[in-house]
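Here the structure comes first, spelled out in structure tokens, and everything after it is commentary.
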Amino acid sequence: MSTLVVLQAALDGEVGRFPEKRVADAVRGLIERYRTGVDPGDVVLDADLAAVAYAAYRMPATHAAVASVLGRVADLAPGFAPARMVDVGGGTGAAVWAAAERWPSLTDVTVLDRSGPALTLGARLAKGAGLPDVHWRRAAIGTDIPDADVATLSYVLSELTEAARADVVRAMAAKAGLVVVVEPGTPAGYERVLAARDELLAAGMRVLAPCPHDDACPVPRGQDWCHFVARLGRSAVHRRVKTATLGHEDEKFSYVAATRAEWPPAPGRVVRHPLKRKGLVALRVCGPDGLVDTTVTRRDPGAYRSARDTAWGDPWPDPAG
Ligand SMILES: C[S@@+](CC[C@H](N)C(=O)[O-])C[C@H]1O[C@@H](n2cnc3c(N)ncnc32)[C@H](O)[C@@H]1O
């Protein structure tokens with residue numbers, strides 16, 4: 001059974017502890033709060049109901065985004081078998097679920113968050129799910145980050161001041177061999193990822209993904225933003241508490257993964273949905289020379305076959321092709 005299915009069943013059980021309308025009302029309140037922006041001093045997940053509502057409507061999506069990113073990282077880091085992980089601002093532990101599935105080698109995991117209710121819920125969700133032992137540590141985000149092979153920071157930066165964002169990213173770079181930062185796939189999320197990328201490079205790390213280089217991002221600022229998408233199925237409860245009708249959602253995210261290891265990045269990366277027409281595939285690829293629009297036709301059968309199977313976010317040229 002996939003991790004997402006196990007997670008969704010556990011979430012459905014948590015929602016069932018409350019009248020469903022209360023959870024749906026709390027979800028509506030959280031959506032509005034995140035939409036208008038969270039002040040750095042605010043503890044949003046300040047009660048059991050708020051934590052359950054957050055987990056019910058966001059955790060499957062943040063899990064899917066982080067799982068997608070870790071898949072990209074693992075493709076570029078063959079043989080990487082981390083033992084220690086820290087998830088900073090980890091809340092209910094979405095990134096831990098994704099990392100535990102990707103790297104069963106993990107044995108020593110810390111989730112650091114200031115929200116007691118989120119950590120308590122995270123611990124309950126993880127129980128019996130076959131995750132490694134997790135140390136759920138209640139703490140404000142600062143520069144006190146434990147040593148780790150992999151450090152994650154997912155959907156947190158918008159809740160920190162600019163100075164605190166830079167401090168935590170620098171601290172993670174100092175303490176972890178691989179740092180992964182994931183943000184919503186919005187222009188503002190992308191800007192925060194770019195700032196984190198600058199900090200990681202300044203700390204002496206190299207970008208592993210999505211960028212195929214450590215140079216300035218060639219995406220024209222103000223006109224476009226680098227982001228990707230992960231599709232996930234919704235359970236019936238997920239749909240109801242979100243007052244949604246579709247059986248799936250597409251989570252857009254921006255990310256950067258940086259390392260001190262010698263793994264080479266991808267030669268290029270597809271940065272938007274490939275346009276597939278009869279006999280041709282049009283790809284926008286970020287490569288060592290910047291953004292390039294390339295059209296692959298049937299005249300090159302090998303490349304055409306690869307291009308037909310290529311998705312937004314994949315490396316290009318296809319490493320298997
Ligand atoms: C939007 S949630 C993301 C949770 C989780 N990382 C995920 O991807 O689902 C943001 C989390 O950051 C935590 N957080 C925000 N500011 C914090 C701070 N200054 N210290 C500790 N935790 C903080 C919140 O409590 C919350 O759990």
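The values are calculated or read from the model by the stated rules, or taken from the named source; none is laboratory data. Source: prediction; values computed, not measured. Cβ coordinates were reconstructed from backbone atoms using ideal geometry, including for glycine residues, and neighbour counts include every protein chain displayed. The accessibility values were calculated without ligands, DNA or RNA, using every heavy atom of the protein model including side chains. Shrake-Rupley method; radii C 1.70, N 1.55, O 1.52, S 1.80 Å.
Given 0.36 nm per residue, what is the gain on full extension from Thr143 to Arg305 after removing their alpha carbon distance, in nm?
53.5 nm
Suppose the chain between Glu191 and Ala163 were pulled fully straight at 0.36 nm per residue; how much longer would it get relative to their current alpha carbon spacing?
8.6 nm
What are the lysines whose alpha-carbon lies under 20 Å from the alpha-carbon of Lys21, with same-chain residues fewer than 8 places away excluded?
In chain and number order, the partners are Lys242.
Report the Cα-based extents of the stretch 269-308 along its three principal axes, largest first, to the nearest Å.
Answer, in whole Å and largest first: 26, 17, 12 Å.
Lys/Arg Cβ at +1, Asp/Glu Cβ at -1, dipole of the chain taken about the Cα centre: which of Val156, Leu70, Ala203 is farthest positive-ward?
Ranked along the dipole, the leading option is Leu70.
Can you give the calculated 222 nm mean residue ellipticity of the chain, where each DSSP H run of n ≥ 4 adds -39,500 (n - 2.57) and the sum is split over every residue, rounded to the nearest 500 deg cm²/dmol?
The helix-only estimate for the chain comes to -12500 deg cm²/dmol at 222 nm.
Can you tell me the orientation of helix 20-36 relative to the chain, as the angle in degrees between its alpha-carbon axis and the longest Cα principal axis, to the nearest 10?
Approximately 60 degrees, to the nearest ten.
Could you state the accessible area per residue of the chain in Å², with a 1.4 Å probe and every protein chain left in place?
Using a 1.4 Å probe on heavy atoms only, each residue of the chain averages 44 Å².
Ordering Arg305, Arg102, Arg240 from largest to smallest accessible area (1.4 angstrom probe), what's the sequence?
These residues rank, largest area first, as Arg305, Arg240, Arg102.
Where does the Debye-calculated log10 I(q)/I(0) of the stretch 47-96 sit at q = 0.33 Å⁻¹, using only Cα point scatterers of equal weight, no solvent?
So the normalised log intensities are -1.23.
Using 7 Å Cα-to-Cβ label points, what is the Asp250/Arg114 separation (nm, one decimal)?
Roughly 3.5 nm, to one decimal.
With the cut-off at 38 Å, report for the chain the share of all Cα pairs above it, as a whole percent.
13 percent
When the chain is modelled as a GNM with alpha-carbon springs shorter than 10 Å, which of Ala126, Ala100, Ala188 fluctuates the most?
Of Ala126, Ala100, Ala188, the Gaussian network model singles out Ala188 as fluctuating most.
Distance from a point 7 Å along Cα→Cβ of Asp39 to each backbone N in the stretch 171-195: keep the residues under 20 Å and list them by number.
Of the residues in the stretch 171-195, none has backbone N under 20 Å from the label point off Asp39.
Going by alpha carbons, how many degrees (0 to 90, nearest 10) lie between the helix axis of 3-15 and the longest principal axis of the chain?
30 degrees
Whole-Hz Karplus ³J(HN,Hα) for the stretch 168-185, in order, using 6.51 cos²θ - 1.76 cosθ + 1.60 and θ = phi - 60°, x for Gly and Pro?
In residue order, the calculated couplings are 5, 5, 5, 5, 5, 5, 6, 10, 10, x, 9, 10, 10, 10, 10, 9, x, x Hz.
When the Cα centres of the stretch 170-222 and the stretch 53-73 are compared, how far apart do they sit, in Å?
Cα centroid of the stretch 170-222 versus Cα centroid of the stretch 53-73: 19 Å apart.
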